[in-house]
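Report on one structure; see the data block that follows.
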Amino acid sequence: MVFICILDYKVIKKYYLDNRKYNFETSIKKIVKIDDNLYDIELKETYFYPEGGGQPADRGTIDSLEVVDVQKKSGGVVHRVKGEPKGPLVNCIIDKNHRDHYMVQHTGQHLISAVLKHELDIDTLSVHLGNLYTTIEINRSDILDSEIAVLEDKIYDLISQGNRVIYHETDDEGLKNFNIRRESKYKGYIRIVEIENFDFVPCGGVHLSNIHEIGLIKIVGYDKIRSHIRLNALIGKNAYIDYRTKDRVTNILNKELSTQTEDIPNSISQLKKNIDTLKLDKKNISELYIKKLETEIKSSRETVFIYNNIPKEIVQKLGVKLTNTLTRPTLLINKHEGLNWILIDSKSEEVNYSNFKENLMPLINGKGGGKKSIWQGTGDLDGIDTFIDKFKLLA
Ligand SMILES: [Zn+2]
């Protein structure tokens with residue numbers, strides 16, 4: 001029984017025999033029309049990996065027609081294709097980048113889960129192989145930075161050592177001879193994947209032939225999910241690209257902060273302290289300046305005061321402080337990013353705001369509003385002289 005199963009795999013599912021075969025010719029065994037555009041194809045033999053074990057299905061073409069999905073079905077493999085292949089002989093091309101990416105992610109995930117178990121006694125609960133990140137949920141509610149360092153160091157040592165990936169075919173009885181990391185979900189024919197002399201686990205996926213092909217693994221963070229830790233791993237080229245990006249950003253920070261990489265956190269912390277001090281200084285100086293302007297206005301007989309490039313909030317605070325304290329209606333003008341105006345009532349005399357709005361504001365193409373005692377808005381610098389002269393007459 002077991003022998004028949006193995007033979008079945010060796011005849012049809014050739015992706016187990018050669019994981020780097022991306023181009024092959026075979027004949028069509030069966031075609032089923034799904035709709036006007038989609039056909040399900042069974043081939044005499046296939047190197048296309050069907051979705052399974054968290055590993056996505058291969059992409060590619062059969063007879064130049066796009067393969068949109070590959071699934072296991074009744075012991076065989078069904079390829080869903082856009083269009084009807086002519087056959088009976090067909091040329092098949094597997095998307096190499098897609099296959100390689102997921103073989104690297106999948107084998108990398110085996111290695112991470114194996115080291116978690118054998119070095120830290122941490123079980124893997126679920127995994128997701130992503131386009132960028134591969135995530136691994138573990139049976140822990142927290143993890144120490146020192147444990148992540150142990151994990152990464154052991155992974156690095158094993159990748160440098162270059163352990164082979166080896167397959168064993170067995171059944172329920174034979175399974176007892178293997179020190180497997182987790183129980184098999186399957187009965188009958190069981191395929192064991194070994195990271196040479198380190199880890200044994202039942203798995204039906206496609207893997208690299210040697211873990212040195214992974215290149216690099218970096219744990220770049222973790223989240224808490226369902227009270228468990230989920231590790232975010234960058235595996236293979238993704239880790240290398242991330243390193244290049246972070247190196248570029250770090251170099252910019254080193255230059256901008258004139259500091260070494262290890263001192264960047266201290267430099268940023270010092271910058272934040274400096275900003276807080278400057279904010280406090282600015283607040284104190286602003287209050288003193290507002291007080292000075294307030295005194296000047298109160299001791300003057302003028303009704304219009306013109307300022308150049310004073311921060312808007314200073315003139316606004318000044319206007320509020322002056323409300324209901326002046327002996328005559330007063331206009332404050334601040335030439336700052338255009339023109340800003342503030343109109344203030346006096347203690348005894350109310351401004352005729354409708355008159356101001358109808359007759360004066362159009363002179364500067366003014367906009368704005370307010371309520372009794374204080375109004376404010378913006379306008380154009382053109383026409384300001386006439387605007388001021390007319391206000392003086394009005395006031
Ligand atoms: Zn696997």
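Given the conditions (1) in the same structural domain as residue 218 (by TED's automatic domain parsing); (2) open to solvent by 30 Å² or more (accessible area, probe 1.4 Å); (3) not aliphatic (A, V, I, L, M), and given that residue 105 satisfies all but one, which numbered condition is not satisfied?
Only one criterion in (1) in the same structural domain as residue 218 (by TED's automatic domain parsing); (2) open to solvent by 30 Å² or more (accessible area, probe 1.4 Å); (3) not aliphatic (A, V, I, L, M) is unmet by residue 105, namely (2).
Across region 344-395, what is the total count of residues that are of a type in the set (Gly, Ala, Ser) and assigned to a helix (DSSP H, G or I)?
Residues flagged as of a type in the set (Gly, Ala, Ser) and assigned to a helix (DSSP H, G or I) within region 344-395 amount to 1.
Are there strands (runs of 3 or more DSSP E) fully within region 163-272 with at least 3 residues that are open to solvent by less than 30 Å² (accessible area, probe 1.4 Å) and within 16 Å of the ligand (Cβ to nearest atom)? List them.
Output list reads 190-195, 199-202.
Go through region 69-102 and give me each residue that's open to solvent by less than 60 Å² (accessible area, probe 1.4 Å) and either under 16 Å from residue 205 (Cβ atoms) or within 16 Å of the ligand (Cβ to nearest atom) (or both).
Those that are open to solvent by less than 60 Å² (accessible area, probe 1.4 Å) and either under 16 Å from residue 205 (Cβ atoms) or within 16 Å of the ligand (Cβ to nearest atom) (or both): 70, 77, 94, 98, 99, 100, 101, 102.
Scan region 50-68 residue by residue and report those that are more than 15 Å from residue 129 (Cβ to Cβ), open to solvent by 50 Å² or more (accessible area, probe 1.4 Å) and either in a strand (DSSP E or B) or within 16 Å of the ligand (Cβ to nearest atom) (or both).
Within region 50-68, 66, 68 qualify.
Looking at (1) part of a helix (DSSP H, G or I); (2) farther than 28 Å from residue 327 by Cα, which one does residue 285 not meet, given that it meets all the others?
(2) is the only condition that residue 285 fails.
When region 372-394 is examined, which residues are found to be in contact with a Lys or Arg (Cβ under 9 Å, 6 or more places away or on another chain), of a type in the set (A, V, I, L, M, F, W, C) and crowded, with 17+ Cβ neighbours inside 10 Å?
Selection gives 375, 384.
Name the residue, out of 285, 268, that is among the β-branched types (Val, Ile, Thr) and either within 27 Å of the chain's Cα centre (by Cα) or under 19 Å from residue 328 (Cα atoms) (or both).
That would be 268, the only listed residue that is among the β-branched types (Val, Ile, Thr) and either within 27 Å of the chain's Cα centre (by Cα) or under 19 Å from residue 328 (Cα atoms) (or both).
Of all the residues that make up region 103-133, how many are farther than 16 Å from residue 232 by Cα and more than 15 Å from the ligand (Cβ to nearest atom)?
Qualifying residue count for the region: 4.
Of the residues that sit in region 334-343 and are outside any loop (DSSP other than H, G, I, E, B) and open to solvent by 20 Å² or more (accessible area, probe 1.4 Å), which one is farthest from residue 322 (Cα to Cα)?
Checking each candidate, the answer is 335.
Please note which strands (runs of 3 or more DSSP E) are completely contained in region 72-129 and include at least 1 residues that are more than 30 Å from residue 27 (Cβ to Cβ).
Per the criteria, 124-129.
Of 120, 158, 132, which residue is surrounded by 20 or more Cβ atoms within 10 Å (Cβ to Cβ) and touching a helix residue (DSSP H, G or I) at 6+ places or on another chain (Cβ under 9 Å)?
Criteria check complete, one pass: 158.
For region 318-333, enumerate the residues that are more than 17 Å from residue 368 (Cβ to Cβ) and either open to solvent by 20 Å² or more (accessible area, probe 1.4 Å) or of a type in the set (Ser, Thr, Tyr) (or both).
Result: 321, 324, 325, 327, 328.
Return only the number of the condition from (1) touching a helix residue (DSSP H, G or I) at 6+ places or on another chain (Cβ under 7 Å); (2) at pLDDT below 95; (3) farther than 30 Å from residue 231 by Cα that residue 47 does not satisfy.
(2)
The values are calculated or read from the model by the stated rules, or taken from the named source; none is laboratory data. Only a predicted model underlies this, so the values are computations on that prediction, with no experimental measurement involved. No Cβ is skipped: glycine too gets one built from the backbone with ideal geometry, and neighbour counts run over all protein chains shown. Just so you know, the surface numbers come from the protein's heavy atoms only, side chains and all, with ligands and any DNA or RNA stripped out. Shrake-Rupley method; radii C 1.70, N 1.55, O 1.52, S 1.80 Å.
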